[in-house]
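Reviewing the structure listed below.
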Amino acid sequence: MSADRPEPARDASWVSIDTPLDLPALRDFCADIERLFRINPYLEFEGWQRSGADSHHARFRNLSNQQTVTLDMRIERASPDEFAVVYRDGIKARTRFALESAAAGSRVTITDDYSRMPDAERARHIDEVDKSLNAWGWALHEYFRHEQRWGRYAAWRWYMRRWWLPMTPRARRITYMLVLIAAAELVLVLLGALIYWIEFAGGE
């Protein structure tokens, strides 16, 4: 993942994520706008509805700035590899996505554009700035790696899209810890069974 500046921008923040997917696969992945946003580990969604062919309505708690946000957004597509999520209200004007081929797969650059408001008004809304972009980039990077490795398995796709994505960030962390604990307990049980077999069954 890179934080290199993709283009001159006055009021913007950006992040570039390298992925192991080829460019057509990345296009298909990014076509699902809801999935892209739900991967962000700082957004705690209360609801997401499609309100039109290229428009959505969402409500969530942004844990990076402790703001409860209601968004009406529409998708503007400049090309198959460039599109933007445009917000009707708020300090953020749009989030742009630029896809491109890379040496080891592909790359997506995400840019949050804050140029909607004049400087004085933007200063009054500074607490609304979304601070989750870098964490979102890392989360997408990890998701792309898992998608490349496990995405061909129907069970994995079902779990991630029907179970994991609708979870809140807190629920995901708890689930991860429970899985680790269960795996550790299983290892201990198997280790105990092995010791028993070596000490008793194997010695007969």
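The values are calculated or read from the model by the stated rules, or taken from the named source; none is laboratory data. Nothing here was measured: the structure is a model prediction, and the numbers come from that model. Note that we place each Cβ from the backbone using ideal geometry, even for glycine, and neighbour counts take in every protein chain shown.
Condition check ((1) of a type in the set (G, A, S); (2) in a loop (DSSP other than H, G, I, E, B); (3) within 20 Å of the chain's Cα centre (by Cα)) across all residues:
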{"position": "S51", "(1), (2), (3)": "yes, no, no"}
{"position": "H57", "(1), (2), (3)": "no, no, yes"}
{"position": "A78", "(1), (2), (3)": "yes, no, no"}
{"position": "F83", "(1), (2), (3)": "no, no, yes"}
{"position": "I91", "(1), (2), (3)": "no, yes, no"}
{"position": "T95", "(1), (2), (3)": "no, no, yes"}
### Message
Is it the case, given these coordinates, that R124 is surrounded by fewer than 17 Cβ atoms within 10 Å (Cβ to Cβ) and either of a type in the set (V, I, T) or touching a Pro at 6+ places or on another chain (Cβ under 8 Å) (or both)?
### Response
no
Original post:
Of the residues that make up the range 146-155, is at least one more than 16 Å from the chain's Cα centre (by Cα) and buried (at least 19 other Cβ atoms within 10 Å of the Cβ)?
Top reply: no
In the range 78-101, anything surrounded by fewer than 16 Cβ atoms within 10 Å (Cβ to Cβ) and either acidic (D, E) or in contact (Cβ under 8 Å) with a residue 12 or more places away in the chain (or both) is listed as P80, E82, R88, D89, E100, S101
Just one listed residue, out of R107, R116, R172, R145, is more than 19 Å from F60 (Cβ to Cβ), among the basic types (K, R) and at pLDDT below 90, and it is R116
Residue hits (the range 42-57; more than 23 Å from V129 (Cβ to Cβ) and in contact with a Ser or Thr (Cβ under 7 Å, 6 or more places away or on another chain)) are none
